[in-house]
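Every number in this text was worked out from the coordinates using simple rules, so none of it is lab data. Predicted model only: the values in this text are computed from it and were never measured. FYI the Cβ positions are ideal-geometry reconstructions off the backbone, even for glycines, and counts take in every protein chain you see.
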Amino acid sequence: MFGLYISHPEVAIDPDVPIPRWGLSEKGRERARMAAASGWARGLGRLVSSDETKALETAGLLAEASGSSVDVLKDSGENDRSATGFLPPAEFEAAADRFFTDPAVSFRGWETAHDAQARIVRVVMALLDAHDPSIPIAIIGHGGVGTLLYCHLSGIPVSRAHDQGPGGGNLFAFPLARRRPVCKWTRIEDWQGWTDG
């Protein structure tokens, strides 16, 4: 059986609202609804989510399709960027480049990539260790820590070369028995669903 790590799609950016409380934009909601209409979403047996609003909203739309409830996965939020707060898009992209390029170094007080990776790996592995492997599970979270998890599961160094595409709303799948990704980040509305492997 497979697990999925899913990043939330596009958000409604509001510099006056703390980033963890940003919700989905209308485009993000539409993409999540498209994913929820797919066969793979209806087959999910368990959903867990970061406690950030955008992830919870994504999980809620997927839960409607599967009939599953959503559990909050503590400590699975995006890398802590509260030291800088909102950064305009060009500045954010440059900061994200630094985050991945120098994973042991904090960018202006951000949680380091190494620390964020250790955190997300710890909570996801504990979740999967306690999970019934016969039940398909989706973990709904964020692109940054999702990429760090992808790198760990793939046995490769931290690198933004493995980051998701613009806009978010991507997933990667992994067999619960082997916990090694069987696909790269794929748009949630484009993924074809479970395959043998």
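Before moving on, here are some points about what is shown:
- Test: residue in region 40-47 that is aliphatic (A, V, I, L, M), part of a helix (DSSP H, G or I) and out of contact with any helix residue (DSSP H, G or I) (no Cβ under 7 Å at 6 or more places or on another chain): no
- Selection within region 145-169 - within 17 Å of residue 78 (Cβ to Cβ), in contact with a helix residue (DSSP H, G or I) (Cβ under 7 Å, 6 or more places away or on another chain) and small (Gly, Ala, Ser): 168, 169
- Long-range neighbours under 8 Å by Cβ, at least six apart or interchain, first residue free of Cβ contacts under 8 Å to residues at least 60 places away in the same chain within region 4-18, second small (Gly, Ala, Ser): 12/23; 12/25; 12/28
- Within region 123-149, the set of residues being more than 26 Å from residue 11 (Cβ to Cβ) and either of a type in the set (A, V, I, L, M) or exposed (fewer than 13 other Cβ atoms within 10 Å of the Cβ) (or both) comprises 125, 126, 128, 129, 130, 132, 134, 135.
- Residue count for region 66-80 satisfying the condition of being buried (at least 16 other Cβ atoms within 10 Å of the Cβ) and of a type outside the set (Ser, Thr, Tyr): 6.
- For region 83-110, the set of residues classified as touching a residue at least 40 places away in the same chain (Cβ under 8 Å) and not small (Gly, Ala, Ser) consists of 86, 97, 99, 100, 101, 103, listed by residue number.
- Residue selected from region 39-56 under the condition surrounded by fewer than 21 Cβ atoms within 10 Å (Cβ to Cβ) and touching a Gly at 6+ places or on another chain (Cβ under 7 Å), by the criterion nearest to residue 9 (Cα to Cα): 53
- Unique match (being loosely packed, with under 14 Cβ neighbours inside 10 Å and either of a type outside the set (Ser, Thr, Tyr) or in a loop (DSSP other than H, G, I, E, B) (or both)) among 83, 59, 63, 95: 83
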